[in-house]
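Written below as structure tokens is the structure these notes are about.
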Number of protein chains: 2
Amino acid sequence: MVRRDPDRTRQEILEAAFHEMYRHGFQATGLEAILERTGVTKGALYHHFRNKTELGYAVVDEIVRPWMLERWRAHFEDTTDPVTALKRVMTAILDEMPEDVILFGCPLNNLTQEMSGVDEGFRVRLESIMEEWRGSIADALRRGQVQGSVRADVDPEATALFLIASWEGMAGVAKSLQDRAQAAAVLGVLGELVEGLRPARPVAGATA
Amino acid sequence: MVRRDPDRTRQEILEAAFHEMYRHGFQATGLEAILERTGVTKGALYHHFRNKTELGYAVVDEIVRPWMLERWRAHFEDTTDPVTALKRVMTAILDEMPEDVILFGCPLNNLTQEMSGVDEGFRVRLESIMEEWRGSIADALRRGQVQGSVRADVDPEATALFLIASWEGMAGVAKSLQDRAQAAAVLGVLGELVEGLRPARPVAGATA
DNA sequence: GCGGAGACATACCGACCAGTATGTATCATG
DNA sequence: CATGATACATACTGGTCGGTATGTCTCCGC
């Protein structure tokens with residue numbers, strides 16, 4: 001074909017690889033499927049990536065990472081009312097996204113479960129994404145505590161990790177049951193419990 | 001070797017297969033590893049199982065399923081105070097089990113994430129295990145409602161699914177961070193939230 | 001306008017591994 | 001004690017798939 005547009009070619013490979021990895025997992029993804037999907041040849045692929053593992057790393061770094069962070073981080077970057085923001089982002093994400101995430105789960109979680117025990121390179125990359133995610137939630141909780149919209153006795157780090165765990169667990173359950181309504185029900189329970197993070201009676205200065 | 005003890009041979013194959021699948025996932029598990037682990041030969045393996053997939057199914061049915069259910073079901077088979085039982089079973093499981101589950105996650109969750117999207121036979125089996133698990137929790141919650149140890153307005157099915165999701169999410173997070181303390185912290189938050197399932201003021205007849 | 005490097009394309013290889021073919025030892029049964 | 005069936009053991013195969021060797025085309029610097 002001779003496309004002669006290296007950046008675009010590389011990006012297309014990454015996206016196709018993500019598409020396949022998301023659906024079938026990394027190990028079950030064949031290079032052939034990626035090539036067929038992009039029209040790119042094997043020579044081009046190996047020109048841009050040293051091997052399949054490096055391609056996987058690049059997908060994590062350049063696709064999964066922004067995919068996760070932009071979805072969450074932006075939603076409560078500057079909020080002082082993290083509880084409301086949390087509930088909003090959860091329902092927003094659940095509504096906005098197509099059947100994908102219901103059927104295939106959360107990309108971060110999928111890869112973590114599959115690859116953390118198999119390849120250390122994957123593990124550290126996926127862990128750092130999770131830590132960033134956690135940090136953004138914990139920061140928001142701390143700001144909420146300063147502003148009085150979150151109880152002072154909650155542990156921001158532990159709570160943030162719990163929220164991530166519940167979210168990922170929900171995605172896993174939905175993937176297993178293949179049912180959006182069940183996922184919504186789980187999030188409903190989580191939403192109610194999250195309300196418990198607010199102080200019993202609003203303190204002066206609370207945004208809520 | 002000629003062991004001539006088919007039941008035991010079969011069981012040993014299943015356990016070795018579980019061992020490998022638990023650590024590396026189903027797809028990454030090679031038959032060779034199982035053979036080496038058991039001392040059984042390929043002929044014996046294929047005498048007991050039609051192919052690798054059938055072996056995987058048998059592992060799910062005969063190892064993973066009892067492994068999960070006996071760990072949970074027994075703990076609150078007849079309890080009327082599911083909240084206390086839940087907190088107890090969670091800490092009990094976390095304490096009792098070796099580094100395995102911290103490092104490798106929950107077998108049910110691992111297989112679900114890896115195989116649900118790849119093979120329908122795995123999906124339905126894993127889903128049915130989760131449904132049984134869910135049912136046992138939901139039943140306990142309902143008994144708690146009858147006895148007044150659980151708020152009447154909680155949805156037993158949705159709450160049970162939420163608890164499972166959180167638990168599985170915790171296991172996933174622990175697997176990623178490879179840190180038992182973090183897992184305990186997540187369970188601590190969950191434990192507090194679970195307390196919120198109790199009625200605000202005890203009703204007559206409550207066991208708590 | 002030419003040389004070299006980057007950006008592909010094509011054909012091929014070799015290893016791994018699930019699966020099979022075939023052989024043999026043991027046991028139950030009549 | 002002959003016979004069939006069960007329970008293995010061993011050697012081999014066939015296909016898939018990640019990886020490579022090699023060639024070609026294009027663009028850019030000089």
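The values are calculated or read from the model by the stated rules, or taken from the named source; none is laboratory data. Note that the structure is predicted; figures quoted are calculated from it, not measured. Here the Cβ is made from the backbone with ideal geometry for all residues, glycine too, and neighbour counts use every protein chain on show. Accessible surface areas use protein heavy atoms only, side chains included; no ligands, DNA or RNA. Shrake-Rupley method; radii C 1.70, N 1.55, O 1.52, S 1.80 Å.
Looking at the range A:68-116, which GluC sites (Glu not before Pro) are DSSP coil and have at most 13 other C-beta atoms within 10 Å of their C-beta?
Details: sites: A:Glu70, A:Glu77, A:Glu96, A:Glu99, A:Glu114; in loops: A:Glu77.
Qualifying residues, ordered by number: A:Glu77.
From the Cα gyration tensor of the protein assembly as shown, with a ≥ b ≥ c the square roots of its eigenvalues, which class applies: rounded if a/c is under 1.5, or else prolate if a/b is larger than b/c, or else oblate?
Values: a/c = 2.25, a/b = 1.18, b/c = 1.91.
It is oblate, given that a/c is not under 1.5 and a/b is not larger than b/c.
Let me make sure I get this right: for chain B, a, b and c are the square roots of the gyration tensor eigenvalues over alpha carbons, sorted descending. Under 1.5 in a/c it's rounded, otherwise prolate if a/b > b/c, else oblate. Which is it? Intermediate results must be reported in sequence, preceding the final value.
Numbers: a/c = 2.57, a/b = 2.15, b/c = 1.20.
Here chain B falls in the prolate category.
Using a 1.4 Å probe and ignoring any ligands, DNA or RNA, find the accessible area of B:Tyr46 and quote it in Å² to the nearest 10.
Rounded to the nearest 10, that gives 100 Å².
Using Cα-Cα distances under 8 Å and only pairs 6 or more residues apart, what relative contact order does the range A:1-49 have, in percent?
Details: 24 pairs, mean separation 18.0, N = 49.
With pairs under 8 Å counted, the relative contact order is 37 percent.
So what's the net charge close to A:Glu20: Lys and Arg +1, Asp and Glu -1, counting the other residues with Cβ under 14 Å from its Cβ? Don't skip to the answer; put the middle values down first.
Numbers: positive: A:Arg23, A:Arg37, A:Lys52; negative: A:Glu12, A:Glu15, A:Glu32, A:Glu36, A:Asp100, A:Glu114.
Result for the neighbourhood of A:Glu20: -3.
Average partner chain C-beta neighbours within 10 Å, per residue of A:127-133? Numbers along the way, then the final one.
Values: counts 5, 1, 1, 4, 2, 0, 0.
Across the residues of A:127-133, the mean count of other-chain Cβ atoms within 10 Å is 2.
Can you list the copy-to-copy distances for B:Ala92, using a point 7 angstrom from Cα toward Cβ, in nanometres, shortest first?
Nearest first, the other copies' label points are 4.3 nm away.
Helix check for chain B. Which DSSP H runs span at least 24 Å along their own axis by Cα, with a mean Kyte-Doolittle hydropathy no less than -1.0?
Numbers: long enough: B:6-24 (27 Å, -1.28); B:120-147 (40 Å, -0.62); B:156-177 (31 Å, 0.79).
Helix filter hits for chain B: B:120-147, B:156-177.
Which value, in debye to the nearest 20, describes the size of the charge dipole of the protein assembly as shown about its Cα centre when Lys and Arg Cβ atoms bear +1, Asp and Glu Cβ atoms bear -1, and nothing else is charged?
The dipole of the protein assembly as shown has a size of about 0 debye.
Need one number: buried accessible surface between chains B and A, 1.4 Å probe, both sides summed, DNA, RNA and ligands left out, in Å² to 100.
Numbers: alone 10650 and 10640 Å², together 17920 Å².
Buried area between the two chains comes out at roughly 3400 Å².
Mind checking which of A:Val83, A:Asn110, A:His48 is farthest towards the positive end of the range A:1-121's charge dipole, using Cβ charges of +1 (Lys, Arg) and -1 (Asp, Glu) about the Cα centre?
A:His48
Rounded to the nearest 20 Debye, what is the dipole magnitude of chain B about its Cα centre when Lys and Arg each give +1 and Asp and Glu each give -1 at the C-beta?
140
With a sphere of radius 11 Å drawn around the Cβ of B:Asp139, what net charge do the other residues whose Cβ falls strictly inside it have (Lys, Arg +1; Asp, Glu -1)?
0
Quick check on the protein assembly as shown: helices-only [θ] at 222 nm, where DSSP H runs of length 4 and up contribute -39,500 (n - 2.57) each and the sum goes over total residues. Nearest 500, please.
Numbers: 22 runs with 292 residues, N = 416.
Calculated from helices alone, the mean residue ellipticity at 222 nm is -22500 deg cm²/dmol.
Using a label point 7 Å beyond Cα on the Cα-Cβ vector, give me the inter-copy distances for B:Asp61 in nanometres, one decimal, shortest first.
4.6
Taking Cα centroids, how far is the range B:46-116 from the range B:1-41 in Å?
19
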